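Structure first, commentary second.
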Amino acid sequence: MNGTKRQITVPEFVEFKQQSHRISMLTAYDFVSARILDEAGIDAILVGDSLGMVFQGHETTLPVTLDDIIYHAEIVGRAVRHALVVVDLPFPTHLVGGQSAIVSAGRILKETRCQAVKLEGGEDQAGTISALVSAGIPVMGHIGLRPQSVHTMGGYKVQRDEERLLNDALAVQQAGAFSVVLECVPAELAEKITKALDIPTIGIGAGSQCDGQVLVLTDMLGLTTEAPRFVKQYANLQDTISQAARQYREEVQSGEFPASQHSYK
Ligand code: KIV
């Protein structure tokens, strides 16, 4: 895959909607995972601020810094040859105004090989999205459940305010975003939003009728202890890694490892 296909561009990603090509997107934070996902043909890789929870062990995404995100995005960008790579703007880099958001997003594009940023916000962030897009920075919006606003929202809850979500989606598109994530939105409403927009919607806990889907990699690989209901677990790496570590410990203790083929003469 890596040797034969060039990297997906932002306009090509947008065209996927018209082509009815359902977009696959997963998160990655490290070189090995990013390389494997890229070689598997995943369309887009998100260096999400979910790394604060699943990589750094925080309770929320709020502690993630711009330097943290750039550190991981630089590593992921170096591994990817085919997928579009999108990087989260961490809290509160985009909430302090368009100019400041340009400086933060500009660092991401200058210091990594990634092509676009994602930011949480709807109508309230339209001005910032528009400033970033005018500066030549492609933006993916993120509406519905916004994990950076967990304290305001009172927890990680399904978002059901139809009027507000439709307004948010249209405002994000109008401001120039090339795509929008819909997180924890009832399936019927997500379908309605998807039909109302020209840009692709990427669902997470938003049913099957979005233009694409995104999952947090550790959730779908079975490495997260309490994954949300919307996650499908495609592997159980927790058990695989645990079993391998136990066997290794036993073989080191018994002297079975290393055997002669693992040793030099
Ligand atoms: O940070 C992240 O991984 C995300 C996805 C949940 C969409 O924003």
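Every number here is computed from the coordinates shown, using simple stated rules; none is lab data. Fair warning: this is a prediction, and the values are worked out from it, not measured in the lab.
General remarks:
- Over 29 Å (Cα to Cα) - which of 110/195; 118/192; 110/192; 110/232; 5/157 fall in this group: 110/195; 110/192; 110/232; 5/157
- Contact order for the chain, expressed relative to its length and based on alpha carbon pairs under 8 Å spaced 6+ residues apart, stands at 16 percent.
- Extension gain, residue 103 back to residue 9 (0.36 nm per residue minus Cα-Cα distance, nm): 31.6 nm
- Choice from 235, 206, 101 with maximal GNM fluctuation in the chain (Cα, 10 Å cutoff): 235
- Fraction of beta bridges assigned by DSSP in segment 10-234 that are antiparallel (%, nearest 5): 5 percent
- Largest GNM mean-square fluctuation across 225, 60, 93, computed for the chain with C-alpha springs under 10 Å, falls on 225.
- Amide H contacts under 5 Å for residue 181, placed H, 5+ residues apart: 141, 142, 143, 202
- Estimated 222 nm signal from helices in the chain, with DSSP H stretches of n ≥ 4 weighted -39500 (n - 2.57), rounded to 500: -12000 deg cm²/dmol
- Rg over Rh, two decimals, the chain (C-alpha only, Kirkwood Rh): 1.02
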